[in-house]
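**Student:** Structure below; questions to follow.
The values are calculated or read from the model by the stated rules, or taken from the named source; none is laboratory data. Keep in mind it's a predicted model, so treat the numbers as computed, not measured. Because the Cβ atoms are built from the backbone with ideal geometry, glycine has one as well, and the counts that use them run over all protein chains shown.
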Amino acid sequence: MKDRLPGGISIMKQLLTGNEAAAEAAIQAGCRYYYGYPITPQNELINYMSTRMPEVGGAFIQAESEIAAISMVHGSAAAGGRAMTSSSSPGISLKQEGISYLAGSELPCVIVNIQRGGPGLGDISASQADYFQAVKGGGHGDYHTIVLAPCSVQEMADLVYDAFDLADKYRNPVIILGDAQVGQLMEPVEFHKKPKKNLPAKSWALTGAEGRKKNVIKSFYPVKGQLEEFNAHLQRKYRTIEEHEVRYEAINIHKADVILVAYGTSARICKEVVKKSQQYKFKVGMVRPVTLWPFPKEIIRKVSERVECILTVEMSAGQMVEDVKLAVEGRCPVHFYGRTGGGVPTSLEIIRKIVEIVPDNRAANTLLQLAAVK
Amino acid sequence: MTTTLTAPKEQSCTLLAPGHTACTGCGEALAAKLVLGAAGTNIIVTDATGCLEVFTTKFPQSSWEVPFIHSLFENSAAVASGVEVALKALGRQNEAKVIAQGGDGGTADIGLQALSGMLERGHDILYVCYDNEAYMNTGVQRSGLTPFDCMTTTSPCGEFSWGNKHNKKDMPSIAAAHGIPYVATASVAFPKDIENKVKKALSITGPKYMQIHSPCPLGWRSKPQLTIQVARLAVQTGLYPIFEIENGKVTKVRKVTTPKTPVEEYLKIQGRFAHLFKSPKGKEEIQKIQEIADRNIEKYGLA
């Protein structure tokens, strides 16, 4: 069967929500153990899995709580399976103890957070207020999870697919940090069959000990000095991840006066600003972190050496901006524009903010006037 | 011509004020209104996340004409425990009765641990579970109280499944096993019965558990105007036994009809069971559901 129509249009494309794309990508990546619990706005994912998992002979369980779901992931990952769970902000809060144990036990798994507004029950619209929780730990102890931030349905599929490889490669939990918009919007998506990577065998898994030494999976090191030694090992692993796994998208960074830094849904809006600015010869560039941890410090440090200023745009009260500032280390001013509680920044608001921070820029002013008229 | 409408000056006649955003024919809204009406104003209510909480408390408005606190999803019983012990410590326990509320998911799944603690410690609290048999607020996912073979978005029917493959969790028995003074089931089809049971429960000191069958037209795919009829058929067929358990003993039951009403009568008016009527094999499944009803009738002496 041909997979292209005349004109090169792929017939393999499907119209799916980000949530469904995440589920399908997980299945194509070999995930056969999915444990979910209802919470808006990620329900499409659990619904999709409930139908799709039996078709591929996998396990779908709707757990009795988020804690049970992450603990089932713990069990399946320990048995050597590719396991996933998903939830949204309040549910992810409940999973934090489990995530810390997974990191401490070095168990690979994928956790999808389709962020909604907080704190507390908040609301069900898109938000990016769980950045700190995902990137700085969330649970207790010195640990890191790899955090991937998709900004489209296609990227959701690609990153979920890669997440399982990253998890297995480093024996570490990977978090997909989406939001209600990326999770629920529908876009065409294609599932690329990728060549199998040469991943380490799971010789540590709990699979029965007939004829070999038993495996033990734990995160408890009560003998003095043992935990420090283990933590040093974790830190070495995290440095390796920081060296090798940073991903970002850079647009127009070489000639820009102002650089926008944004991820996920905010980044889509910032792209619009960059596009508009080109029409009016106003030099706005953009760095979009794809990995939030490891954070693309190096590229942000580099651009900070030559731009007038950096503007970080988030759907939060200002969280990632702290990491941008740490990367910039005072080389240029770092500004922030954010909306919370379901508020989504518009391109006009972002342009206004740019004019505010670079008031003498004629091109920016022209752009603002034109954008405002439209 | 313009007509000016003025709001009546006297207080709303119901303690769950109108204007909330429940769906047409919502059984849970009706049940909550009846519970509050019977309990009166000297109460403090907690409510877990769920339909009831969402449709009554859209910020900055509230339908609750009584003191109200929203807990998380999993801890209505624990928050109520805190309220109850604080009232005792302040010497104000006679001023208000505490009522904890949750849906079936918030009670039988994620909230079971907190509920068990509340029942075990003997708090003077009435816990009310509004049982609409799935997570309706998030789009009809199965819960521990979803009935056998029922179709939900996470227990789909098809080649591999007839819907929910597990039996409805016997929550009233779990509650009764804690050795608490009062356990009751009720149905929105019998409003007077709900009111009497709430009044009786509140007259008893200690932990009480009440579970009210509350049809959800959206999730059950039944006609909104049939909510009461659907609820009544659940009771009449024996699928939702109505009883009271006092100090471990069944003291009162509502009898089913004679002759027996077959479960088909209940199942066929709900879209969530429609798949059972589409193939000959579905008949075997309906027979299994009939056996559940028969077991209930025998267990509680409903005939």
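Each row is one residue, and each column tells you yes or no for (1) crowded, with 18+ Cβ neighbours inside 10 Å; (2) β-branched (Val, Ile, Thr); (3) at pLDDT below 90; (4) in contact with a helix residue (DSSP H, G or I) (Cβ under 6 Å, 6 or more places away or on another chain).
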site	(1), (2), (3), (4)
A:306	no, no, no, no
A:326	no, no, no, no
A:330	no, no, no, no
A:338	yes, no, no, no
A:371	yes, no, yes, yes
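**Student:** Among the listed residues A:195, A:188, A:119, identify the single one that is over 16 Å from residue A:238 (Cβ atoms), in contact with a Lys or Arg (Cβ under 7 Å, 6 or more places away or on another chain), surrounded by fewer than 24 Cβ atoms within 10 Å (Cβ to Cβ) and not basic (Lys, Arg).
**Tutor:** Result of the check over A:195, A:188, A:119: A:188.
**Student:** For residues in the stretch B:99-113 being crowded, with 24+ Cβ neighbours inside 10 Å and hydrophobic (A, V, I, L, M, F, W, C), which is farthest from the other protein chains (Cβ to nearest Cβ)?
**Tutor:** Among those residues, the one meeting the criterion is B:99.
**Student:** Something else: Hey, among B:146, B:138, which residue is within 13 Å of chain A (Cβ to nearest Cβ), crowded, with 20+ Cβ neighbours inside 10 Å, in contact with a helix residue (DSSP H, G or I) (Cβ under 7 Å, 6 or more places away or on another chain) and under 20 Å from residue B:213 (Cα atoms)? So that I can check it myself, show each step before the final result.
**Tutor:** On the way: B:146 fails: in contact with a helix residue (DSSP H, G or I) (Cβ under 7 Å, 6 or more places away or on another chain).
Of B:146, B:138, the one residue that is within 13 Å of chain A (Cβ to nearest Cβ), crowded, with 20+ Cβ neighbours inside 10 Å, in contact with a helix residue (DSSP H, G or I) (Cβ under 7 Å, 6 or more places away or on another chain) and under 20 Å from residue B:213 (Cα atoms) is B:138.
**Student:** Can you spot a residue in the stretch B:58-76 that is part of a strand (DSSP E or B), of a type in the set (A, V, I, L, M, F, W, C), in contact with a strand residue (DSSP E or B) (Cβ under 6 Å, 6 or more places away or on another chain) and under 28 Å from residue B:190 (Cα atoms)?
**Tutor:** Quick first cut of the stretch B:58-76, residues part of a strand (DSSP E or B) only: B:64, B:68-70.
Subset that is of a type in the set (A, V, I, L, M, F, W, C): B:64, B:68-69.
Still in the list and also in contact with a strand residue (DSSP E or B) (Cβ under 6 Å, 6 or more places away or on another chain): B:68-69.
Those left that are additionally under 28 Å from residue B:190 (Cα atoms): B:68-69.
Taking every residue of the stretch B:58-76 in turn, at least one turns out to be part of a strand (DSSP E or B), of a type in the set (A, V, I, L, M, F, W, C), in contact with a strand residue (DSSP E or B) (Cβ under 6 Å, 6 or more places away or on another chain) and under 28 Å from residue B:190 (Cα atoms).
**Student:** Only one of these conditions is not met by residue B:80: (1) in a helix (DSSP H, G or I); (2) touching a strand residue (DSSP E or B) at 6+ places or on another chain (Cβ under 6 Å); (3) within 14 Å of chain A (Cβ to nearest Cβ); (4) crowded, with 24+ Cβ neighbours inside 10 Å. Which number is it?
**Tutor:** Only one criterion is unmet by residue B:80, namely (3).
**Student:** When the residues of the stretch A:14-36 are filtered to those that are closer than 23 Å to residue A:90 by Cα and not hydroxyl-bearing (Ser, Thr, Tyr), which remaining residue is nearest to the other protein chains (Cβ to nearest Cβ)? Please lay out each step first, then the result.
**Tutor:** Restricting attention to the stretch A:14-36, the residues satisfying the condition of being closer than 23 Å to residue A:90 by Cα are A:17-23, A:26, A:33-36.
The next check asks that each one be not hydroxyl-bearing (Ser, Thr, Tyr); those that pass are A:18-23, A:26, A:36.
Values: A:18: 16, A:19: 12, A:20: 13, A:21: 18, A:22: 16, A:23: 12, A:26: 16, A:36: 8 Å.
That would be A:36.
**Student:** Which ones in the stretch B:170-191 are touching a helix residue (DSSP H, G or I) at 6+ places or on another chain (Cβ under 6 Å) and either β-branched (Val, Ile, Thr) or facing chain A (nearest Cβ under 10 Å) (or both)?
**Tutor:** Selection gives B:180, B:183, B:185, B:188.
**Student:** Name, by its number, the condition in (1) at pLDDT below 95; (2) in a strand (DSSP E or B) that does not hold for residue B:5.
**Tutor:** The failed condition is (2).
**Student:** Within the stretch A:206-228, is even one residue of a type in the set (Asp, Glu) and at pLDDT 95 or above?
**Tutor:** In the first step, residues of the stretch A:206-228 are kept if they are of a type in the set (Asp, Glu); the result is A:210, A:228.
With at pLDDT 95 or above added as a condition, the list becomes A:228.
The answer is yes, given that some residue of the stretch A:206-228 is of a type in the set (Asp, Glu) and at pLDDT 95 or above.
**Student:** Moving on to the next point. Against the definition (surrounded by fewer than 21 Cβ atoms within 10 Å (Cβ to Cβ), of a type in the set (Lys, Arg) and in a helix (DSSP H, G or I)), how does residue A:302 come out, yes or no?
**Tutor:** Answer is yes for this residue.
**Student:** If you go through the stretch A:9-68, how many residues are touching a residue at least 60 places away in the same chain (Cβ under 8 Å) and of a type in the set (Ser, Thr, Tyr)?
**Tutor:** The number of residues fulfilling the criteria is 3.
**Student:** Name the single residue, out of those in the stretch B:114-135 being buried (at least 24 other Cβ atoms within 10 Å of the Cβ) and of a type in the set (Asp, Glu), that is farthest from the chain's Cα centre (by Cα).
**Tutor:** Within the stretch B:114-135, the match that is farthest from the chain's Cα centre (by Cα) is B:133.
**Student:** Considering only residues that are in a helix (DSSP H, G or I), of a type outside the set (Val, Ile, Thr) and modelled with pLDDT under 95, which ones fall in the stretch A:273-299?
**Tutor:** Answer for the stretch A:273-299, where residues must be in a helix (DSSP H, G or I), of a type outside the set (Val, Ile, Thr) and modelled with pLDDT under 95: A:275, A:276, A:277, A:278, A:279.
**Student:** What number of residues within the stretch B:270-303 are outside any helix (DSSP H, G or I) and under 20 Å from the mean Cα position of the chain (by Cα)?
**Tutor:** 1
**Student:** Consider residue B:54 carefully, then state whether it is aliphatic (A, V, I, L, M), part of a helix (DSSP H, G or I), closer than 22 Å to residue A:94 by Cα and within 17 Å of the chain's Cα centre (by Cα). If you could, list the steps in order and put the result at the bottom.
**Tutor:** Numbers: aliphatic (A, V, I, L, M): yes; part of a helix (DSSP H, G or I): yes; closer than 22 Å to residue A:94 by Cα: yes; within 17 Å of the chain's Cα centre (by Cα): yes.
For residue B:54, the condition - aliphatic (A, V, I, L, M), part of a helix (DSSP H, G or I), closer than 22 Å to residue A:94 by Cα and within 17 Å of the chain's Cα centre (by Cα) - is met.
**Student:** Just for the stretch A:242-272: of the residues that are within 15 Å of the chain's Cα centre (by Cα) and assigned to a helix (DSSP H, G or I), which one is nearest to residue A:349 (Cα to Cα)?
**Tutor:** Among those that are within 15 Å of the chain's Cα centre (by Cα) and assigned to a helix (DSSP H, G or I), it is A:266.
**Student:** A follow-up question, please. For the stretch A:43-85, enumerate the residues that are over 27 Å from residue B:114 (Cβ atoms) and of a type in the set (Phe, Trp, Tyr).
**Tutor:** A:48
**Student:** Can you confirm whether residue A:69 is within 30 Å of residue A:208 (Cβ to Cβ), hydrophobic (A, V, I, L, M, F, W, C) and away from chain B (no Cβ under 11 Å)?
**Tutor:** So residue A:69 does not fit the description; no.
**Student:** Restricting the search to the stretch B:220-243, which residues are basic (Lys, Arg) and either modelled with pLDDT under 95 or over 13 Å from residue B:188 (Cα atoms) (or both)?
**Tutor:** Across the stretch B:220-243, the qualifying residues are B:221, B:223.
**Student:** Hey, another quick one. Could you check the stretch B:169-245 for helices (runs of 4 or more DSSP H) lying wholly inside it with 3 or more residues that are buried (at least 21 other Cβ atoms within 10 Å of the Cβ), over 15 Å from the mean Cα position of the chain (by Cα) and basic (Lys, Arg)?
**Tutor:** none
**Student:** Could you list, in sequence order, the residues of the stretch A:37-65 that are small (Gly, Ala, Ser) and at the interface with another protein chain (Cβ under 9 Å from one of its Cβ atoms)? Spell out how you get there, then give the answer.
**Tutor:** Restricting attention to the stretch A:37-65, the residues satisfying the condition of being small (Gly, Ala, Ser) are A:50, A:57-59, A:63, A:65.
Matches in the stretch A:37-65: A:50, A:63, A:65.
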